[in-house]
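Scroll down for the structure; my scribbles are underneath it.
The values are calculated or read from the model by the stated rules, or taken from the named source; none is laboratory data. This is a predicted model, so every value here is computed, not measured. Backbone-built Cβ (ideal geometry, glycine too); neighbour counts: all protein chains shown. Surface areas here come from the heavy atoms of the whole protein model, side chains and all, with no ligands, DNA or RNA. Shrake-Rupley method; radii C 1.70, N 1.55, O 1.52, S 1.80 Å.
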Amino acid sequence: KLFSGAAAMVALGADHRFVTPLHRRGEIGPDGTLDGDLILRGSGDPDLSGRTNAAGKLEFTNRDHTYAGLYAAQGTTAELTKTEALAGIDDLARQVAAAGIRKIKDVLIDERLFERHQSGGSPPFQVSSVVVNDHLIDLTVFPGERVGDSARVEWRPATSYLQFEQEVRTVAAGEGTFVSVQRLAPRRYAVRGQIALDKPPTVRIVEVDDPAAFARAVLIERLQAHGVTVTRPIEALPSPAALPSPSEYERLPIVASLASAPFAESLKVILKVSHNNHAHMLPLLLGARTGSRSHAGGMRAQGEVLRQLGLDIASFSLGDGEGGDQANQVSPRATIQLLRLMAEHPQARAFRDALPILGVDGTLAEAVPPTSPARGKVFAKTGTYVINDPHNGRLLLRAKALGGYATGASGRPLLFALFLNNVPLNSSAESNRHGATLGRLAEIIQQSL
């Protein structure tokens with residue numbers, strides 16, 4: 001993610017904003033009826049304002065919701081942001097109503113900016129140019145008031161697009177909490193298990209089957225909430241052939257548009273929480289700028305940006321933007337070269353500020369204790385790659401890494417890269433222990449120089 005994030009920062013710039021337009025096809029009658037459709041054209045905005053707070057910044061938690069589905073039924077400590085997941089979609093719907101449109105035939109979603117792809121890290125695995133709440137439904141399970149009560153299950157964004165059967169009961173304090181989500185049919189799930197009376201709310205996630213259909217459904221619902229009738233039902237998906245040709249957009253008026261927060265904010269979310277899906281989008285976005293829609297074309301575009309930056313791209317191999325491909329082979333030396341070149345680049349400050357801060361936020365928030373003298377003085381990206389070792393019935397930590405910038409105790413600026421490879425694990429928790437070791441090493445380096 002250091003490499004893909006650097007390439008995107010260089011190519012796009014810290015102040016770049018994704019602008020997502022909503023076009024109309026057809027004329028608006030005197031009664032507000034549009035004799036045609038609304039078409040949302042995806043721009044590759046990874047957030048669509050779902051994380052934007054009142055200050056125009058993108059919020060994140062140190063334990064992002066995208067990691068809530070990785071640990072079987074035990075639940076996780078994932079936390080949701082306090083922002084409104086459909087804020088951007090609602091803004092677009094409000095603009096449509098303000099334009100005097102009262103009835104339309106249908107809503108189309110154009111995600112052809114780049115080909116839909118699959119990421120290989122944490123959910124969501126589908127990569128699309130139209131992203132609503134990371135293609136996820138967040139389920140929060142609250143214990144009931146008494147033992148034996150049904151637990152309360154809330155989901156966001158609030159939508160009728162998916163249905164959930166709820167079969168979670170409250171058990172005595174101290175008992176185990178097990179909450180699973182099972183897919184029963186398309187758009188229909190069961191939430192089952194138990195939650196202890198003294199357990200804080202548990203977050204689980206569901207990845208939607210079709211990002212474009214999901215975006216269409218919530219946009220239709222928000223349009224209807226603002227008094228705009230949509231003739232075609234949510235369940236009746238339009239054919240992709242109904243989309244305009246790219247050249248046709250020049251003749252289609254824009255009735256609403258949504259501008260993202262600056263790209264520097266998007267990169268903070270990617271690097272600080274290690275957001276796999278958004279990181280996977282970065283090469284695809286660079287490829288789209290050169291006219292390529294494929295993942296392979298995006299990787300070539302990213303490589304060209306890094307080459308022009310001055311990096312010896314023949315000294316390492318990258319298979320994706322997130323770090324989950326087995327083709328990814330980089331060295332500490334190549335990482336230091338990247339960090340040095342970015343430290344000398346006009347976007348240096350924005351790039352450094354997007355990194356997790358030791359003992360403060362993101363994936364480094366708890367790497368050292370609050371009393372650490374290095375707290376707040378190390379800006380670095382974590383990296384973890386764990387695979388199954390079927391032969392031995394265990395896990396193998398292929399890579400654990402930490403690289404970035406530090407201000408030494410003497411005030412000296414430092415670059416560092418620490419790599420740990422091929423360590424057998426008895427449990428996934430051991431990976432966290434090795435991560436703490438790297439954090440401790442970064443602390444020692446910072447204090448020693």
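Tabulated data
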{"read-out": "Residues with amide H under 5 Å from that of Val171, placed H, sequence gap 5 or more", "value": "Gly148, Ile195, Ala196, Leu197"}
{"read-out": "Highest-MSF residue in the chain out of Leu309, Leu184, Leu414 [GNM, Cα springs under 10 Å]", "value": "Leu184"}
{"read-out": "Positive-end residue, the chain charge dipole about Cα centroid, Cβ charges, pick of Pro240, Thr363, Val131", "value": "Thr363"}
{"read-out": "DSSP-defined beta bridges in segment 1-135 - what % are antiparallel, rounded to 5", "value": "55"}
{"read-out": "Length gained when the stretch Ala259-Asn392 is fully extended (0.36 nm per residue, less Cα-Cα span)", "value": "42.8 nm"}
{"read-out": "Global form of segment 125-213, assessed from the alpha-carbon gyration tensor, a/c cut-off 1.5", "value": "prolate"}
{"read-out": "Rounded, prolate or oblate (a/c below 1.5 giving rounded, otherwise prolate when a/b exceeds b/c) for the chain by Cα gyration tensor", "value": "oblate"}
{"read-out": "Portion, in percent, of the accessible area of the chain that falls on carbon or sulfur, probe 1.4 Å", "value": "50"}
{"read-out": "Using a Förster distance of 22 Å, the FRET efficiency for Ala409-Arg440 (Cβ separation, nearest 0.05)", "value": "0.90"}
{"read-out": "GluC sites (Glu not before Pro) restricted to DSSP loop in segment 140-247 with at most 13 other C-beta within 10 Å", "value": "Glu145, Glu235"}
{"read-out": "Value at 222 nm in deg cm²/dmol, rounded to 500, when DSSP H runs of n ≥ 4 in the chain each add -39,500 (n - 2.57)", "value": "-8000 deg cm²/dmol"}
{"read-out": "Sites Thr231 and Arg183, calculated FRET efficiency, Cβ-Cβ separation with R0 22 Å, nearest 0.05", "value": "0.15"}
{"read-out": "Added length on full extension, which subtracts the Cα-Cα distance from 0.36 nm per residue, Arg300 to Glu154", "value": "48.3 nm"}
{"read-out": "Accessible area in square angstrom per residue, the chain, 1.4 angstrom probe", "value": "43"}
{"read-out": "20 Å Cα-Cα reach of Lys57 towards lysines, excluding residues that sit fewer than 8 places from it in its own chain", "value": "Lys82, Lys268, Lys272"}
